[in-house]
Amino acid sequence: MKLMELKSEIDLWLNNYFEAKNGYHKIIYEAMNYSLSIGGKRIRPILALLCYSLYKPDYEKIMPIAGAVEMIHTYSLIHDDLPSMDNDDLRRGKPTNHRVYGEALAILAGDGLLNEAMNVLFNFCTEHHHAISACKLISNSAGAEGMIAGQVVDIINEGKLISEEELSYMHRNKTGALIKASILSGAILGEASEKHIEILGSFGDKLGLAFQVKDDLLDVLGDSALLGKTIKKDMNHNKTTYVSLYGLEKCEDICKALTEQCLLELKKLDKDTELLENLTLNLLERNN
Ligand code: GRG
């Protein structure tokens, strides 16, 4: 199994999902599928599949969980790009959803993806009763005590200098919660031990933070064409970021140190974690 093969399998599952949808409202499925299919690294679903695979060989079985996580993530990107939020024109290298379908349909496309993800999770639970706790974790991570909490703190503090503690709260929720839930849902479905869940939780916390610090770095140093989104948004919106708090050099060091800590957590599992290690290192080196 290779990371790129896993990504292709996730892409295929997502593409197939909307194929048979029809009706007078068909355009909503086009809008939902547009943002899902124009790209994306699929980090969260890959994490779920890899963590499940540490314990069980049949990762295809939990593809709906992986797909649902990506639907939730994509909804958050569509809404984050809206004029009332970050007002962005470019996402995943293509015009943002509201640029193509208009604001009303983009809002509905985001809502539709979030609801569809919940449908997928509920359907999965009806067939696999033991999946309830994993699905609950995913829905919590996307809610008002998770990703939405982080987004709220982001929005109400635009143009303000916030403390390191509040910045950390914001990112733990906005970016970290869904990443951690992806990791833990895979592990829970794989029936990992309590000890392993604890270790993978700590891995998720550190990976989520490393991912965000890198995101802040890329916002300053990245290439818009490679990233597929507008850069220097944080600076232009006067946002407190890890880069504005610590500077570029220290952020590079923080990223490397967190990556090392992630790898140490994986070592504690005493499992074949090669692909998870590769993914962790790829995230440190990424340019998009
Ligand atoms: C609208 C409730 C709500 C939340 C929005 C995800 C998010 C919260 C905002 C996106 C803005 C942002 C830059 C967040 C920081 C990290 C992040 C989630 C980056 C995008 O994720 P990637 O790099 O994107 O995995 P791809 O396109 O590869 O899936």
Cα centre as origin, Lys/Arg/Asp/Glu Cβ charges: the stretch 114-205 dipole, Debye: 80
Roll a 1.4 angstrom probe over the protein heavy atoms and tell me the percent of accessible area of the stretch 54-126 that is carbon or sulfur. 56
Quick one: dipole size for the stretch 69-154, taken about the Cα centre, charges +1 on Lys/Arg Cβ and -1 on Asp/Glu Cβ, in debye to the nearest 20. 180
Among 106, 144, 210, determine the one that fluctuates most according to a GNM of the chain built with springs between C-alpha atoms less than 10 Å apart. 144
Work out how far the C-alpha atoms of the stretch 1-126 reach from end to end along every principal axis, then list the three figures in whole Å, largest first. 43, 29, 21
Just the Cα atoms of the stretch 116-160: what Rg and Dmax do they give in Å? 14.4, 48
Extension reserve of the residue 89-residue 136 stretch, reckoned as 0.36 nm per residue once the Cα distance is removed: 13.6 nm
Would you work out which of 126, 24, 83 lies farthest towards the positive end of the dipole of the stretch 3-278, given +1 charges on the beta-carbon of Lys and Arg and -1 on that of Asp and Glu, about the Cα centre? 24
Distance (nanometres) between label positions extended 7 Å along Cα→Cβ at residue 264 and residue 58: 3.8
So how much slack lies between residue 278 and residue 225, counting 0.36 nm per residue of separation and subtracting their Cα-Cα distance, in nm? 16.6 nm
Over the Cα atoms of the chain the radius of gyration and the largest Cα-Cα distance (Dmax), both in Å, equal 18.2, 54
Just how large is the dipole of the stretch 1-50 about the Cα centre, in debye to the nearest 20, putting +1 at every Lys and Arg Cβ and -1 at every Asp and Glu Cβ? 160
Any idea what % of Cα-Cα pairs in the stretch 35-76 are farther than 17 Å? 28
To the nearest 0.05, how large is the calculated FRET efficiency for residue 24 and residue 168 if R₀ is 41 Å and r is the Cβ-Cβ distance? 0.30
Please check: in the Gaussian network model of the chain (C-alpha springs, under 10 Å), which one of 125, 255, 135 has the largest mean-square fluctuation. 125
Given a Förster distance of 41 angstrom, what is the FRET efficiency for residue 161 paired with residue 195, based on the Cβ-Cβ distance and rounded to 0.05? 0.50
For the chain, built as a Gaussian network whose Cα springs stay under 10 Å, the top-fluctuating residue of 270, 234, 223: 270
Taking only the alpha carbons of the stretch 85-205, what extent do you get along each of the three principal axes, in Å, biggest first? 43, 37, 25
Grab the DSSP H runs of the chain that are 4 residues or longer, score each as -39,500 (n - 2.57), total them, divide by all residues and round the 222 nm result to the nearest 500 deg cm²/dmol. -22000 deg cm²/dmol
Point-to-point label distance, residue 286-residue 8, nm (Cα→Cβ direction, 7 Å offset): 2.1
The stretch 3-278, accessible area per residue, ligands and nucleic acids excluded (1.4 Å, Å²): 46
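The values are calculated or read from the model by the stated rules, or taken from the named source; none is laboratory data. Because the structure is predicted, anything quoted here is derived from the model rather than measured. As a convention, Cβ positions derive from the backbone with ideal geometry for all residues, glycine included, and neighbour counts pool all protein chains shown. Side chains included, ligands, DNA and RNA excluded: accessible areas come from the protein's heavy atoms. Shrake-Rupley method; radii C 1.70, N 1.55, O 1.52, S 1.80 Å.
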